[in-house]
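In what follows, a single structure is set out as structure tokens and then discussed.
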Amino acid sequence: MHVPAILVASVAAALSASMLTPRTSPSALAPTRADLVVGATGQTTTLNRQTHWPAHSRVALTGSLRIAAGGALDISAGTLIEAAPGVTIVVERGGRLNVTGTQNEPVVLTCQSEASTPGCWGGLVILGNAPINHGALTSPAGGRGGTGGCREATLDGGLYGGCTADDSSGVLRYTRVQYATHGLRVLGVGSRTVLRDVQVHRSQGHGLEVIGGTAQLQYVALTTNAQYGLIYSGGWTGQAQYVVVQQDATGYAGGIFGRNAVGSGGNADATPRSAPTLANVTVITPPSAAGNPYLAASPASLRFDRGAAGRLHNMLLIEPAIALDVDGAATCSQIVAGLLTIQGLGITAPVQLTDPDADAAECATQGERFVMSTAITVTGTDARVQLKEAIDVVLPDLRAVSGSVIALATGVAPPTVGLLQAVTYLGAIAPVSTAGEGIPWYSGWTLGEALAPPPLVTLDGVVSAPGRGGIAGVGVHIEPVGLNATTDALGRFVVAGVPAGPVEVSFVSGVPPDCQTPAVVRAVASGTSTHLADAVLTCAPPAPILVARSLVSGSFHTCGLTNAGVAYCWGVNSSGQLGDGSTVQRTAPVLVSGGNSFVSLTAGPLHTCALTSAGAAFCWGSNSFSEIGDGTTTVRTVPTQVNGNLIFATLAAGESHTCGLTTTSLAFCWGRNFEGQIGDGTSTQSRPSPTPVLGGQTFTALTAGQLHTCGLTSSGAAFCWGWNVFGQLGDAS
């Protein structure tokens, strides 16, 4: 699926190259579009002179293509090159490839198959005359005036490397390389090669591989490649600025991988050492999905090994599984020497900042932790709102949101050498400006990802009615997937296996005859589970409730007991303090769930407790400080029994603590204890279960204030404990 880049069709001029054979295919192509076949299956075509593919051409590359020394291929804007399986394009040392796409009309190198898949063609290789740190000292003289006798090596029969740091292999502007086996490989390429506005998308291997040379890159998008987005080695000493590496959780080996040695057996201290300057880079490496073949290797956003150096400026790592992994004594030595550095670093929602494996002894205190010590790390609920849309591989928007931590952060300007610009924002994309939204540099010419099937989520909700609580037996129907469920005894329903996206819930059966069927509930299912807007039925008014035993009130809710000991509550229900299994506000009494019969009630501001005739204590509502007494801090929307199997005679609720008096006149408290209101002689944050009040007193009555508690003995003596800033304990202090 080719989105969202635009290829503009137009009439193409005749081609000058004699080896390019016109091909007609009226059923597949518009008649106004040039259509060319280059080469033959299983054969390699060599260009050794100037050749031009004009704008808007559609080129079928049926055999591999080599641009030899002295040859040049010029490709104009809007051209689509479709390569056969296994076909590669190689720019040999001394050859030139000049691709001049535009933002609205990029040049696209892809495969011939309509159903594009990673590895459906070979890829693009550029070989240059610039210095490398491996191979034999046999490079020839020439190559933009090089002296000869420098190191050179081979790749697939092509030589690369030499003595000419400012060598040029041509121009890549607004070029997209997609679905290749090896993506884009840049070997021994010199600093005068223009590599700007380049995307490498969905390669079967690495996205961009740079080996040696002095190549300079700017505005590079490396998206959903199967191994590393960017990997460098072999003595690369160039620069790259404004680089996006966005990996797909279903399969990737890491974000950026730097090495000095080429291959596992190379010299980790060979010179020139791989030491590029990378500036303003955004790396998105989410935690791997279970099917990622590299899951066991714990992919990292940034990985350095085999003697790699480099100066990194203004890096932004988005939700990394591991932010940084440095391996090997030769690499650690570069940190100690100040040759592998990160200046200006932002990280959002990391699973781990560093790899847990043991660093080499040379790192000592200057290992991964030292490199990460100045990072700005954003965690928690704010982490996902730093960028407008970071993880979406279809249409990501990688701009930092105005006013966010990342947008306000100031990095460290890189040195203005080569093409580097002295900017200080974090990441590859300028933040959203309050003066204007701006357009990201990758817009218009890069390719998003084909839409994957939406993930399956779980939906849940509650069907209830005022005065009745949850309604059991109501049949619900979910569209557009056609799934069904029935509400349980508390009026709840749960539907699993719903594709993420818009859904509609209708109520098709089981609605009581004196109630109106509720309207369709609409929601957007997302994440792993979605709580739908609860459905509140409109029913005939309930019969008046006779309250004989008691009424109690919290801050914004009220509860009462009927003659039969049945509890009803009404009012605000944000913390589940009404006990009806929901958090929906009720303007009329609703039945407290659970079917218990109570003899007394007590209410704090956001929680409620009740006592059965057997002396069992139940609480529900807010539980931030364990005021429910069930050993947790989980909000309880239905009555939950207090731990300890104590037999209580009375209960008293404070703001965030609760106390009870047993039938043996002993006082126990639980919940918040910052102010000592539990009475256990401490100010421990909270007590999750009933805790004895110290002092050896027995009481006949208890009462609880906001942050203090008092008890009355059988002789009429009053004792108080807890907060006393206003003298509420009555001890003259």
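The table below lists the values:
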{"item": "Spin-label model distance (nm) - residue 397 vs residue 587, 7 Å beyond Cα toward Cβ", "result": "3.7 nm"}
{"item": "Order by protection proxy (mean Cβ within 10 Å, highest first), peptides 310-318, 687-695", "result": "310-318, 687-695"}
{"item": "Area accessible to solvent at residue 599, 1.4 Å probe radius, in Å²", "result": "60 Å²"}
{"item": "Under-5 Å amide H pairs with residue 52, H placed in peptide plane, nonlocal only", "result": "16, 17, 74"}
{"item": "³J(HN,Hα) computed for each position of region 245-252 - Karplus, 6.51 cos²θ - 1.76 cosθ + 1.60, integer Hz, glycine/proline x", "result": "10, 10, 9, 9, 4, 6, x, 6"}
{"item": "Chymotrypsin sites (Phe, Trp or Tyr not before Pro) within region 624-710, DSSP loop, no more than 14 other Cβ atoms inside 10 Å", "result": "none"}
{"item": "Cα-Cα separations in the chain greater than 48 Å, expressed as whole percent", "result": "40 percent"}
{"item": "Beta bridges per DSSP with both ends in the chain, % antiparallel, nearest 5", "result": "40 percent"}
{"item": "Mean separation of Cα contacts under 8 Å, 6 or more apart, over the residue count of region 534-677: relative contact order %", "result": "17 percent"}
{"item": "Area of residue 370 that stays accessible when all protein chains are in place (1.4 Å probe, Å², to 10)", "result": "100 Å²"}
{"item": "Label point distance in nm, residue 460-residue 599, each placed 7 Å from Cα along Cα→Cβ", "result": "3.4 nm"}
{"item": "Theoretical ellipticity at 222 nm over the chain - DSSP helices of four or more residues, -39500 (n - 2.57) apiece, nearest 500", "result": "-500 deg cm²/dmol"}
{"item": "Region 595-678, relative contact order [Cα under 8 Å, separation at least 6], %", "result": "25 percent"}
{"item": "Net lengthening on full extension, residue 112/residue 718 (0.36 nm per residue, minus Cα-Cα)", "result": "209.2 nm"}
{"item": "At R0 = 25 Å, FRET efficiency that the Cβ-Cβ distance of residue 373 and residue 421 yields, to 0.05", "result": "0.40"}
{"item": "Cβ-defined net charge surrounding residue 241, 14 Å radius [Lys, Arg +1; Asp, Glu -1]", "result": "+1"}
{"item": "Cβ crowding within 10 Å averaged over residues, with 174-185, 42-53 ranked highest first", "result": "174-185, 42-53"}
{"item": "In Å², nearest 10: area of residue 425 left accessible to a 1.4 Å probe", "result": "50 Å²"}
{"item": "Alpha carbon convex hull of region 177-235, projected area averaged over orientations, nm²", "result": "3.4 nm²"}
{"item": "Listed residues 355, 460, 580, 156 arranged by accessible area, highest first, probe 1.4 Å", "result": "156, 460, 355, 580"}
{"item": "Whole-Hz ³J(HN,Hα) from phi, Karplus 6.51 cos²θ - 1.76 cosθ + 1.60, for region 319-329, glycine and proline x", "result": "6, x, 5, 9, 6, 9, 9, 10, 10, x, 4"}
{"item": "Length-normalised contact order for the chain - Cα pairs under 8 Å, 6+ apart - percent", "result": "5 percent"}
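The values are calculated or read from the model by the stated rules, or taken from the named source; none is laboratory data. Note that the coordinates shown come from a computational prediction; the quantities given were computed from them, not determined experimentally. Positions of Cβ are generated from backbone atoms using ideal geometry, with glycine treated the same way; all protein chains shown enter the neighbour counts. The protein model used for the area step is the full one, side chains on, heavy atoms only, and it has no ligands, DNA or RNA in it. Shrake-Rupley method; radii C 1.70, N 1.55, O 1.52, S 1.80 Å.
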